[in-house]
Amino acid sequence: MHECTATVVSSEARCSGLLYELVLSAPPLAAQVKPGQFVHLALLQAEHILRRPLSVYQANKDAGTLTLLFQVMGEGTRHLTELTSAQQLQVLGPIGQGWNPPETAKRALLIGGGVGAAPLYLLAGELNDRGVLTEVILGAATADLLACEASFVTLLTAGQVHITTDDGSRGYKGFTTEVAAQLLAENRYDYVATCGPEPMQRIVAAMTAESGALCEVSLERRMACGIGACLSCVVDTVNGKKRACVDGPVFDAREVCW
């Protein structure tokens, strides 16, 4: 983990302006980032003292770029949407413990809710390269929020990508957990990874515990420093309190006190 100066390549609205995709030129970070890790961005506005943590969606080591996908949640992330090409900002990273699928895994199921699908993309690529049969469930409230579908379909195949929407505007009408329950009942998975709303992750963790598969979860917490010093991102685990920034954000689901 180290700090570097990143240059904005592009910042574009996705999903009818509900999500944004930010591409940064940061060769040192692109070369080091592992699936599931995140970066901490310093905002240009003086009134925003704290950095903003964003998961890495895509990394191109050859081009030296990182792609970050985020939803506007407040003034800080709104300012990120105003970045223009060639602007520079300070970025700390890559930070945290990423996904750790078992080397012996033959079949995997990845479950992403909303923008939580983004941290699963690099993992899907790694598993695919290892020859692991990988299926993905992508869920969102409505079709307008399915930002990552095309990327996953290109990486895998359409048959390996399952879509759910709360309103039925795309794919299965219902929740990711409903499709996950069906797939877990029909197939034997060695590894399950999930990121998204915590209630969804809690249900997935319980279902996979029954199936016997290893399950990892990526937990989101508010954080100030991003280096483990401030203790603002504590997660309660069976082994005591841990920090989402440096001990996570990925945890073994069996360790989390839900």
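Could you tell me which of the residues VAL192, VAL179 is outside any loop (DSSP other than H, G, I, E, B) and either of a type in the set (Asp, Glu) or out of contact with any helix residue (DSSP H, G or I) (no Cβ under 8 Å at 6 or more places or on another chain) (or both)?
On the way: VAL192 fails: either of a type in the set (Asp, Glu) or out of contact with any helix residue (DSSP H, G or I) (no Cβ under 8 Å at 6 or more places or on another chain) (or both).
The conditions single out VAL179.
Can you tell which of PRO35, PRO102 is at pLDDT 95 or above and either open to solvent by 70 Å² or more (accessible area, probe 1.4 Å) or more than 25 Å from ILE227 (Cβ to Cβ) (or both)?
Values: PRO35 fails: either open to solvent by 70 Å² or more (accessible area, probe 1.4 Å) or more than 25 Å from ILE227 (Cβ to Cβ) (or both).
The match here is PRO102.
Within segment 1-36, can you find the residues that are in a loop (DSSP other than H, G, I, E, B) and either touching a residue at least 40 places away in the same chain (Cβ under 8 Å) or touching a strand residue (DSSP E or B) at 6+ places or on another chain (Cβ under 9 Å) (or both)? Working first, answer last.
Going through segment 1-36, the residues in a loop (DSSP other than H, G, I, E, B) turn out to be 1, 15-18, 26, 33-36.
Selection gives MET1, CYS15, SER16, LEU18, ALA26, VAL33, LYS34, PRO35, GLY36.
State whether one or more residues within segment 50-70 are among the small types (Gly, Ala, Ser), touching a Pro at 6+ places or on another chain (Cβ under 6 Å), touching a residue at least 12 places away in the same chain (Cβ under 8 Å) and within 25 Å of LEU145 (Cβ to Cβ). Step through it out loud before you land on a result.
First, pick out the residues of segment 50-70 that are among the small types (Gly, Ala, Ser): 55, 59, 63-64.
Okay, now just the ones that are also touching a Pro at 6+ places or on another chain (Cβ under 6 Å), so 55, 64.
Restricting the remaining residues to those that are touching a residue at least 12 places away in the same chain (Cβ under 8 Å) gives 55, 64.
Cutting the leftovers down to within 25 Å of LEU145 (Cβ to Cβ) gives us 55.
Yes, there is a match, as at least one residue in segment 50-70 is among the small types (Gly, Ala, Ser), touching a Pro at 6+ places or on another chain (Cβ under 6 Å), touching a residue at least 12 places away in the same chain (Cβ under 8 Å) and within 25 Å of LEU145 (Cβ to Cβ).
Within segment 139-154, can you find the residues that are in a helix (DSSP H, G or I) and surrounded by 15 or more Cβ atoms within 10 Å (Cβ to Cβ)?
Filtering segment 139-154 for residues in a helix (DSSP H, G or I) gives 143-145, 149-154.
Answer for segment 139-154, where residues must be in a helix (DSSP H, G or I) and surrounded by 15 or more Cβ atoms within 10 Å (Cβ to Cβ): ALA143, ASP144, LEU145, GLU149, SER151, PHE152, VAL153.
Looking at LEU66, LEU92, which is the one that is under 25 Å from CYS195 (Cα atoms), at pLDDT 95 or above, part of a strand (DSSP E or B) and not hydroxyl-bearing (Ser, Thr, Tyr)? Break it down stepwise before answering.
Values: LEU92 fails: at pLDDT 95 or above.
Selected residue: LEU66, the only one of LEU66, LEU92 that is under 25 Å from CYS195 (Cα atoms), at pLDDT 95 or above, part of a strand (DSSP E or B) and not hydroxyl-bearing (Ser, Thr, Tyr).
So which residues in segment 155-184 are over 20 Å from the mean Cα position of the chain (by Cα), in contact (Cβ under 8 Å) with a residue 60 or more places away in the chain and open to solvent by less than 20 Å² (accessible area, probe 1.4 Å)?
Within segment 155-184, just LEU183 meets the criteria.
Which one is modelled with the highest pLDDT, of the residues in segment 38-51 that are open to solvent by 60 Å² or more (accessible area, probe 1.4 Å) and not acidic (Asp, Glu)?
So the first thing to find is which residues in segment 38-51 are open to solvent by 60 Å² or more (accessible area, probe 1.4 Å), and the list is 44, 46-47, 49-50.
After this cut, where a residue has to be not acidic (Asp, Glu) as well, the list is 44, 46, 49-50.
Numbers: LEU44: 69, ALA46: 48, ILE49: 71, LEU50: 76.
It comes out as LEU50.
All but one of (1) of a type outside the set (A, V, I, L, M, F, W, C); (2) more than 29 Å from LEU92 (Cα to Cα); (3) under 18 Å from the mean Cα position of the chain (by Cα); (4) at pLDDT below 95 hold for TYR191, so report the exception by its number.
(4)
Taking segment 155-176 as the search range and keeping residues that are among the polar types (S, T, N, Q) and outside any strand (DSSP E or B), which one is nearest to VAL115 (Cα to Cα)?
First pass over segment 155-176, keeping only residues among the polar types (S, T, N, Q): 157, 160, 164-165, 169, 176.
Narrowing the set further to residues that are outside any strand (DSSP E or B) leaves 157, 160, 169, 176.
Details: THR157: 20, GLN160: 19, SER169: 17, THR176: 13 Å.
Going through the qualifying residues, I end up with THR176.
For segment 207-216, how many residues meet the condition of being touching a residue at least 40 places away in the same chain (Cβ under 8 Å) and either open to solvent by 20 Å² or more (accessible area, probe 1.4 Å) or in a strand (DSSP E or B) (or both)?
3
Condition (residue is among the aliphatic types (A, V, I, L, M), buried (at least 20 other Cβ atoms within 10 Å of the Cβ), within 19 Å of ARG221 (Cβ to Cβ) and modelled with pLDDT of 95 or more) applied to segment 11-29: is it met by at least one residue?
no
Given (1) farther than 23 Å from VAL246 by Cα; (2) open to solvent by less than 30 Å² (accessible area, probe 1.4 Å); (3) polar (S, T, N, Q), identify the lone condition not met by THR77.
It fails just one condition, (1).
Residue under question is ALA108, and the condition is that it be within 19 Å of LEU214 (Cβ to Cβ), free of Cβ contacts under 8 Å to residues at least 60 places away in the same chain and open to solvent by less than 10 Å² (accessible area, probe 1.4 Å); does it hold? Steps first, please.
Working: within 19 Å of LEU214 (Cβ to Cβ): yes; free of Cβ contacts under 8 Å to residues at least 60 places away in the same chain: no; open to solvent by less than 10 Å² (accessible area, probe 1.4 Å): yes.
Against the criterion (within 19 Å of LEU214 (Cβ to Cβ), free of Cβ contacts under 8 Å to residues at least 60 places away in the same chain and open to solvent by less than 10 Å² (accessible area, probe 1.4 Å)), ALA108 does not qualify.
Residues of segment 233-258 being open to solvent by 60 Å² or more (accessible area, probe 1.4 Å) and either out of contact with any helix residue (DSSP H, G or I) (no Cβ under 8 Å at 6 or more places or on another chain) or over 22 Å from PRO35 (Cα atoms) (or both), which ones? Give the derivation first.
From segment 233-258, those open to solvent by 60 Å² or more (accessible area, probe 1.4 Å) are 236, 238-239, 241, 243, 254, 257-258; that's our starting set.
If the condition is that a residue be open to solvent by 60 Å² or more (accessible area, probe 1.4 Å) and either out of contact with any helix residue (DSSP H, G or I) (no Cβ under 8 Å at 6 or more places or on another chain) or over 22 Å from PRO35 (Cα atoms) (or both), then ASP236, VAL238, ASN239, LYS241, ARG243, CYS257, TRP258 are the ones that fit.
The values are calculated or read from the model by the stated rules, or taken from the named source; none is laboratory data. A quick note: this is a predicted structure, and the numbers were derived from the prediction, not measured. Cβ atoms come from the backbone with ideal geometry, glycine included; neighbour counts cover every protein chain shown. With ligands, DNA and RNA removed, areas are computed over all heavy atoms of the protein, side chains included. Shrake-Rupley method; radii C 1.70, N 1.55, O 1.52, S 1.80 Å.
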